[in-house]
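The values are calculated or read from the model by the stated rules, or taken from the named source; none is laboratory data. For clarity, every value in this text was computed on a predicted model and none was experimentally measured. Cβ: placed from backbone, ideal geometry, glycine included. Neighbour counts: every protein chain shown.
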Amino acid sequence: MVGAARVVPYGLQMNQWGEIPSEGPFAFQRFRLRDSLRTIHTSRPSWKYQYGASVALNVGQVPSIRLSSAYVGVRSSVFGLRLGRWQEVQGIVDSTFSSGSFIWSGNALPLPRVEAGIPNFTPVFGSSLFAVKGFLAHGWFDQGRVVNSYLHQKSAYLRVGKPQWKLKMYTGFNHQVQWGGRPSEPFVDGGTGELITQFPSGWRTWVNVATGVSLNRDGAGLNQPGIPSNEALNRAGNHLGGVDVALQLDLQKGRLLLYKQSFFEDGSLFYLTNIEDGLYGVSYRTKESNFLKHLTAEFLYTLSQGGPGGSTNNAPQLRGQDNYFNNSLYLDGWTYGGRTIGHPFMMPKAALNPDLTERYPGGLNILSNRVTGINIQASYTLNAWHLASQVYHIRSLGTYNFRYTESSLGIVQTVRKQIGYRGGSIRFRGALETGNLLRPSVGLEFSYLHPITFY
């Protein structure tokens, strides 16, 4: 794969698992090894295993080797266990053409994790009318951050409707926490006056993280040795996540999916003061070999964040200023490898136009989280060519504490054609970005894709 541009357009970078560099030109080689579930030949034939790996080699202004997946896993009955890093989207969206799930979009390099759960929808109560899936995971953030912390994850999703029914409903939630670990530089806490060299990371802290209980529930206040003041008066770790609802309708010629993702980070969703915030989407996938194959339209709105009230309000439901993806202790925010883990329209400082960010004096990293965004994508065929078009518009008001109004418009066009008889194909991706939120840029990417089978 070869890309040509001094600044690689953001449209070519986002939701690529952190593999595409931000500056060009570059040469790129990706190797993927993947195996589906296979039975382990033991006395327990129900046990199955799987593995996978993906390595990206970049040669350009900043040469790099990026391991975007490397995992092993086993399953028995409906339960599964995985260890490593793997590419996935969390939450209910059109994972093929979405602009990105709010909490876990595939925009950043995947975190290394160990995960146990039920990976596929599984009937409960002795009937296929209700089916559930979910997981519990522990992970590790990258080194070199302001705080080298851990990740706690869990999710639970419900499907209502039998597999053969034309209409199904989905709902569920995911919960993510940055917690524990060690600050890269010890600091004196402003509220307690203590020197903080390490955050609490033991079993008791994990229970508090997993349950989300307040550390001040017994009135202990700041009298909790080793605990920073903003956690002692609140909760251990930086909690965030999403609540999803969706309807799926199977039609004669296609499948329609309607979905909304709501966000929580500071209690506003519980009091419904940020209920208008969300990712709203509609997707249609055809079942026939027509010109149009797939069409997705999405609208992202995050301007509310519970309102402008802030933490000084006496009424907790009016706290406001949730400041999505930012935290006063975990200053790198909801990022990994310098990229947003969640929706790519909510961006860290490095992704934005330097003309905006050079005047920001603070230490927070996500400087664009009050945004409206529109994303429209379509895939279609023309003779033997497979084409995909994307148009997106991002309008940002910055954050409540760093305000501006800027926008960018992006267009990405993909053209792919199979060549030869062994599954090889060529692909062109061109992108154009205008406006002042992102750096204006034009880029072209050419790649040759070829599968190799090992026997």
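Within segment 12-53, restricting attention to residues that are at pLDDT 70 or above and in contact with a Phe, Trp or Tyr (Cβ under 7 Å, 6 or more places away or on another chain), which residue is nearest to Gln377 (Cα to Cα)? Restricting to residues being at pLDDT 70 or above and in contact with a Phe, Trp or Tyr (Cβ under 7 Å, 6 or more places away or on another chain), the top hit is Gly52. Just wondering, is there one or more residues in segment 424-435 that are among the charged types (D, E, K, R), outside any strand (DSSP E or B) and over 30 Å from Arg359 (Cβ atoms)? Scanning segment 424-435 turns up no residue that is among the charged types (D, E, K, R), outside any strand (DSSP E or B) and over 30 Å from Arg359 (Cβ atoms).
Matching residues to (1) over 24 Å from Leu279 (Cα atoms); (2) at pLDDT 95 or above; (3) surrounded by fewer than 23 Cβ atoms within 10 Å (Cβ to Cβ):
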| site | (1), (2), (3) |
| --- | --- |
| Phe325 | no, yes, no |
| Leu331 | yes, no, yes |
| Trp334 | no, yes, no |
| Gly338 | no, no, yes |
| Pro344 | no, yes, no |
| Pro354 | yes, no, yes |
| Thr357 | yes, no, yes |
| Gly363 | yes, no, yes |
| Ser368 | no, yes, no |
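Can you spot a residue in segment 391-398 that is over 30 Å from Val146 (Cα atoms), modelled with pLDDT of 95 or more and touching a Gly at 6+ places or on another chain (Cβ under 6 Å)? Scanning segment 391-398, I find at least one residue that is over 30 Å from Val146 (Cα atoms), modelled with pLDDT of 95 or more and touching a Gly at 6+ places or on another chain (Cβ under 6 Å), so the answer is yes. As for segment 391-407, it holds no residue that is in a loop (DSSP other than H, G, I, E, B) and of a type in the set (D, E, K, R).
Restricting attention to segment 367-390, the residues that are under 28 Å from Gly320 (Cα atoms) and either outside any strand (DSSP E or B) or polar (S, T, N, Q) (or both) add up to 5. Restricting attention to segment 99-116, the residues that are under 23 Å from Arg75 (Cα atoms) and either within 15 Å of the chain's Cα centre (by Cα) or surrounded by fewer than 19 Cβ atoms within 10 Å (Cβ to Cβ) (or both) add up to 6.
Beta carbons closer than 7 Å, at least 6 apart along the sequence or on distinct chains, pair a first residue in segment 172-189 that is at positive phi with a second that is hydrophobic (A, V, I, L, M, F, W, C) and part of a loop (DSSP other than H, G, I, E, B) for Gly180/Phe199; Gly181/Phe199. Within segment 215-236, is even one residue farther than 30 Å from Leu167 by Cβ, within 19 Å of the chain's Cα centre (by Cα) and buried (at least 18 other Cβ atoms within 10 Å of the Cβ)? No, because not a single residue in segment 215-236 is farther than 30 Å from Leu167 by Cβ, within 19 Å of the chain's Cα centre (by Cα) and buried (at least 18 other Cβ atoms within 10 Å of the Cβ).
Consider Ser155 carefully, then state whether it is hydroxyl-bearing (Ser, Thr, Tyr) and touching a residue at least 60 places away in the same chain (Cβ under 8 Å). For Ser155, the condition - hydroxyl-bearing (Ser, Thr, Tyr) and touching a residue at least 60 places away in the same chain (Cβ under 8 Å) - is met.
Among all residues of segment 271-279, there is none that is free of Cβ contacts under 8 Å to residues at least 24 places away in the same chain, of a type in the set (Ser, Thr, Tyr) and surrounded by fewer than 19 Cβ atoms within 10 Å (Cβ to Cβ). For segment 241-285, a residue qualifies if it is within 17 Å of Glu298 (Cα to Cα) and among the aromatic types (Phe, Trp, Tyr), and the qualifying residues are Tyr259, Phe263, Tyr280, Tyr284.
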